Amino acid sequence: MNSVVWFSEVGIADRPTVGGKGGSLGELTQAGIQVPPGFVVTTGAFEQFLEALEAREPVRAKVSGINPDDLGAVTKVSEELRRRVIEEPLPSAVEQAIRDAYRELSPGEEPVAVRSSATTEDAEDASFAGLQDTFLWVLGADQMIERVRECWGSLYSVESICYRRKQGLPEDGVAMAVVVQRMVDAMCAGVMFTRSPLTGDKSVITIEGAWGLGSAVVSGEVTPDRWVIGKITGEISVRDISDKHARQVPAPGGGIHEVANEEAIAKQPCLTDEQLMALREVGRRIERHYGKPQDIEWALDQDGQVFLLQSRPETVWSAKDAAAPVKPPEDNPLKHVMSIFGGKR
């Protein structure tokens, strides 16, 4: 298996190789949606790395044998495994492949995002969103390699281990790919749901956004603006504009930091109606492509171009639908027929 593949080479069916996030970004790229270019460090690269770790001392067996309710034991194993992952050298062929791909993606060492992409992530029946690490505004090949290693290590965070053990997921089937993609210097960013997250209404799209990078919205550090838009009509039924006191922006030397918003923009909507309609249309395209409601991350660059950073199946209301009890049949087998015709035969 190749250590590196490009978004244009993969799709959602390649989740075992590129993880949920990598598969989604490849799928969106192939569907013609504007996605920041990038590549995926595959699960094959991770398996080569893990093989070297396992040769000296077990990794997966330690996780499989742990009681997820014993937080002390989980914490001890997590700290040990993450330390081993951080300290272990990469296989030389794997490191060279990653560095070569980075030079092709960012010939001028343009900033990249390094994002975990677990094979069990963003499945319809198990959402790993937020359990593994993401690093923004990563500068240079050496820093990028360090972040790839930290993403691998986050597979063994306390939260991730506990989640897998409580879900009964077999550890042998768990692997970590890593997405490396060009950063969007975001004017504003946020999330979009093609089904109302509050009511489950499938006829509307809900868009949330704030100034700067989307990390402030996803983390909940800033209350975003929120709009509810008719999926077919385009009617904006809700405009909830918040006081966006701060935004997250690139930090000198890499990474991000928070700065205060000027009073002139703090209470100003971060999206125009025209931009909202552009996002709505992209959301509709993505939902049509997948055939089901989606939870989408988006960003607008400084020129106002829309970029999609992730799309995963909506899980909350879908799970409620799946769990809804089936109504037992009526006593009269013809009652439903009669009701259709107003009780007349």
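Percent relative contact order of segment 4-182, based on C-alpha pairs within less than 8 angstrom and at least six residues apart?
Working: 315 pairs, mean separation 58.3, N = 179.
Once divided by the residue count of segment 4-182, the mean separation gives 33 percent.
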Checklist outcome for this item: Its Cα gyration tensor gives segment 186-323 an equivalent ellipsoid whose semi-axes in whole Å, largest first, are 26, 16, 14
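Listed here are the pairs Lys202/Lys244; Lys202/Lys320; Lys292/Lys320; Lys21/Lys244; Lys231/Lys292; which of them are more than 18 Å apart at the Cα? Please report the intermediate quantities before stating the final value.
Working: Lys202/Lys244 28 Å; Lys202/Lys320 14 Å; Lys292/Lys320 14 Å; Lys21/Lys244 28 Å; Lys231/Lys292 14 Å.
The answer is Lys202/Lys244; Lys21/Lys244.
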Checklist outcome for this item: The helix 158-167 Cα axis meets the longest alpha-carbon principal axis of the chain at an angle in degrees, between 0 and 90 and rounded to 10, of 50
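Tell me the relative contact order for segment 191-265 as a rounded percent, counting alpha carbon contacts under 8 Å between residues six or more apart. Before the final figure, lay out the partial values.
Numbers: 137 pairs, mean separation 17.0, N = 75.
Once normalised by length, the contact order is 23 percent.
Counting pairwise Cα distances across segment 1-145, what percent come out greater than 22 angstrom? Don't skip to the answer; put the middle values down first.
Details: 4772 of 10440 pairs.
So the pairs more than 22 Å apart make up 46 percent of the total in segment 1-145.
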Checklist entry - Nearest 10 degrees, 0 to 90: what angle lies between the long axis of helix 92-105 and the longest principal axis of the chain (Cα atoms)? => result 50
Next on the checklist: Relative contact order of segment 1-108, please, whole-number percent, based on alpha carbon pairs below 8 angstrom and at least 6 residues apart.
Outcome noted: 27
Checklist entry - Any idea which of Pro107, Phe193, Val41 is furthest toward the positive side of the dipole for the chain, if Lys and Arg beta-carbons carry +1 and Asp and Glu beta-carbons -1? => result Phe193
Next on the checklist: For the ranges 266-277, 8-19, what's the packing order if you count other beta-carbon atoms within 10 Å of each residue, average per peptide, and put the highest first?
Outcome noted: 8-19, 266-277
Checklist entry - Using the alpha-carbon centroid of each, what span in Å lies between segment 133-170 and segment 188-204? => result 28
Item to check | Cys residues of the chain counted as unpaired, since no other Cys beta-carbon is under 4.7 Å | outcome: Cys151, Cys162
Next on the checklist: Order these by the 10 Å Cβ neighbour count, fewest first: Met144, Met192.
Outcome noted: Met192, Met144
Checklist entry - For segment 114-258, what percent of Cα pairs sit more than 26 Å apart? => result 40
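Return the tail of the calculated pair distribution for the chain, meaning the percent of Cα-Cα pairs more than 26 Å apart.
Numbers: 31982 of 59340 pairs.
Value for the chain (Cα pairs over 26 Å): 54 percent.
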Checklist entry - Taking only Cα atoms, what is the 0 to 90° angle, nearest 10, from helix 141-154's long axis to the longest principal axis of the chain? => result 60
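Bear in mind that the values in this text are calculations on the coordinates, not laboratory data. Since the structure is predicted, the reported quantities are computational estimates derived from the model, not experimental observations. Counting neighbours? That spans all protein chains shown, and the Cβs are built from the backbone with ideal geometry, glycine included.
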